[in-house]
Structures are given as structure tokens and as C-alpha cells.
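Below you'll find the structure, written out as C-alpha cells, and then a few comments.
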Amino acid sequence: MSKEYAKSFYQSKEWIKCRKGYIKSKYCICERCGRSATIVHHKKFINPRNINNPEITLNWDNLEALCIECHNKIHNRNHQVTTKETIFDENGNLIKSPQ
């Protein structure tokens, strides 16, 4: 889930366009394991000091298409968060899975 200082960024038209373009360029394939990618991860983590720096936030060199499992490993999330009924949306929010 996105942090409070980053919520407006993740909802911005610039990020949505960047994210869609990047994940499409990677054919929605996780760059680490080859499974289906659903997350565009920032290699250099976003923080309050760099949130307004497009060289960090929108630069494709700082992005990586990942599946949820690989993304959780990066953030040391060892517990299963999603189920068959839930998924993460493009902003990292846990939502009910469309059926």
C-alpha cells in the first residue's frame, strides 16, 4: 500500500501513463522470475525527498516489472497477502478480485 506522501503521485496521470507503458514494454512479464507481472517497482525507493524528482519516479531506468511474489521479497513481506479473492491494483491497494 502506498504511503501517504506518495498517494497523489501514484494517482497522477503521469505515473499511470508511465506505468502502463513500462509494463507493456516488458510484455507484463516479471523481470526476475518470468511469471505474470502486475507491479511496476521503483529500484531506488521513493521517499519524501525524491517524490517530485521525475528522474527517480518516472525514469524507466529506475523501474522493474515484477510479480507480487518477487515484489514482496524485495520488501521483506514473507506472508501471503493476496488470496484467490483479492489482488493488488496498479496503485498497490489490496482490492477484491474481479470474477
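Numbers at a glance
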| quantity | calculated |
| --- | --- |
| Odd one out for ASN72 among (1) in contact with a Gly (Cβ under 9 Å, 6 or more places away or on another chain); (2) under 23 Å from PRO98 (Cβ atoms) | (1) |
| Subset of the range 12-55 (residues that are within 17 Å of HIS75 (Cβ to Cβ), under 13 Å from the mean Cα position of the chain (by Cα) and assigned to a loop (DSSP other than H, G, I, E, B)) | CYS30, GLU31, ALA37, THR38, LYS43, LYS44, PHE45, ILE46 |
| Test: residue in the range 2-11 that is under 11 Å from the mean Cα position of the chain (by Cα) and either closer than 18 Å to ASN93 by Cβ or surrounded by fewer than 13 Cβ atoms within 10 Å (Cβ to Cβ) (or both) | yes |
| Filter result (touching a helix residue (DSSP H, G or I) at 6+ places or on another chain (Cβ under 6 Å) and loosely packed, with under 15 Cβ neighbours inside 10 Å) within the range 52-78 | TRP60 |
| All positions within the range 52-94 that are at pLDDT 90 or above, among the polar types (S, T, N, Q) and under 18 Å from ARG35 (Cα atoms) | none |
| Residue within the range 32-39 that is hydroxyl-bearing (Ser, Thr, Tyr) and either in contact (Cβ under 8 Å) with a residue 40 or more places away in the chain or farther than 16 Å from ASP89 by Cα (or both) present | yes |
| Positions within the range 9-39 being hydroxyl-bearing (Ser, Thr, Tyr) and either in contact with a Phe, Trp or Tyr (Cβ under 7 Å, 6 or more places away or on another chain) or at negative phi (or both), in sequence order | TYR10, SER12, TYR22, SER25, SER36, THR38 |
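The values are calculated or read from the model by the stated rules, or taken from the named source; none is laboratory data. Note that the coordinates shown come from a computational prediction; the quantities given were computed from them, not determined experimentally. We place every Cβ from the backbone using ideal geometry, glycine too, and count neighbours over all the protein chains shown.
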